[in-house]
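Notes follow once the structure below has been shown.
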Amino acid sequence: MIIGRDTMARWRDGKLVVEALYSMPNISPFTDIKPINLDLYRIMLETMERHPTFKLPKIENIEVKNDPEDTTSLYDENGKYQKPTVIVTFSDGAVEKASASEDDTFSLEQGISICYTKKLMSMLTNCNGGTAYNRMLHNAMKLYKRQHEEVAKKEEEDRLAKERAERLTAKRAKRKAKLEAKKREQEISIQAEAYARALKMVNQGENQ
């Protein structure tokens, strides 16, 4: 059951958890996975298993209110945004709605899909489909945000660790260069002293 582009929902120890489909950069798959509140999926699956004659709801009518293709402006005379809304009526008389916010790109297909999902949730959970859908979406978005925050945190930790390692390497290189310079100075001093002694001995030999 796909939850997001990089995640998949699976049952583990009686709870629905979300797992990475593949290893993301700097993140080991299946690490620190926490259960999320998506029991609606379990209820839906169990209901369909217990009732093999379960029939999907039939759509009777689809209406689009404030359709962007049928109006020159989505703002009223007071400058208030009029949300494009897909209204789906089902064969049992139930009505579900899906509205696009001002920042959304209106999609009839997506609107119908949302209405259908809300209807299924209402049928299979004996509750308000809109509330159930919004709760599920909210939990999924929280999970997605947390995953990306964890990736960003790991990347920042890796960056700081790399900077510390580079500073330590530079410090060691500087200390090594200093020691080598001191060693060369000592060698030069020893050579100069040996040369001076040798020259003195030569001079003394000549004077004798």
> For the subset of the range 46-73 comprising residues that are in a loop (DSSP other than H, G, I, E, B) and under 22 Å from residue 118 (Cβ atoms), which member is modelled with the lowest pLDDT?
Replying inline: 51
> Regarding residue 18, is this residue open to solvent by less than 40 Å² (accessible area, probe 1.4 Å), in contact with a helix residue (DSSP H, G or I) (Cβ under 8 Å, 6 or more places away or on another chain), at pLDDT 85 or above and part of a strand (DSSP E or B)?
Replying inline: no
>> Given the criteria under 39 Å from the mean Cα position of the chain (by Cα), more than 30 Å from residue 117 (Cβ to Cβ), free of Cβ contacts under 8 Å to residues at least 60 places away in the same chain and open to solvent by less than 100 Å² (accessible area, probe 1.4 Å), does residue 156 qualify?
In response: yes
>> Any residue at all in the range 176-185 that's more than 30 Å from residue 115 (Cα to Cα) and open to solvent by less than 70 Å² (accessible area, probe 1.4 Å)?
In response: yes
> Which of the residues that make up the range 81-101 are part of a loop (DSSP other than H, G, I, E, B), open to solvent by 40 Å² or more (accessible area, probe 1.4 Å) and closer than 18 Å to residue 134 by Cβ?
Replying inline: 83, 101
> Pairs under 8 Å by beta carbon, first residue within 10 Å of residue 84 (Cβ to Cβ) in the range 100-113, partner open to solvent by less than 100 Å² (accessible area, probe 1.4 Å) and part of a helix (DSSP H, G or I), six or more apart or different chains?
Replying inline: 100/111; 106/68
> Of these, 125, 105, 117, which one is more than 27 Å from the chain's Cα centre (by Cα), under 30 Å from residue 91 (Cα atoms) and of a type in the set (Val, Ile, Thr)?
Replying inline: 125
>> Criterion first (under 22 Å from residue 56 (Cβ atoms), of a type in the set (Val, Ile, Thr) and either part of a helix (DSSP H, G or I) or open to solvent by 60 Å² or more (accessible area, probe 1.4 Å) (or both)) does residue 131 satisfy it?
In response: yes
> So which residues in the range 56-80 are of a type in the set (Asp, Glu) and open to solvent by 50 Å² or more (accessible area, probe 1.4 Å), if there are any at all?
Replying inline: 60, 63, 69, 70, 77
>> If I filter the range 66-99 down to residues being in contact (Cβ under 8 Å) with a residue 12 or more places away in the chain and of a type in the set (Lys, Arg), which single residue comes out as farthest from residue 122 (Cα to Cα)?
In response: 83
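The values are calculated or read from the model by the stated rules, or taken from the named source; none is laboratory data. It should be emphasised that the depicted structure is a prediction, and the values quoted were computed from it without experimental measurement. Here the Cβ is made from the backbone with ideal geometry for all residues, glycine too, and neighbour counts use every protein chain on show. Only protein heavy atoms, including side chains, enter the accessible area calculation; ligands, DNA and RNA are left aside. Shrake-Rupley method; radii C 1.70, N 1.55, O 1.52, S 1.80 Å.
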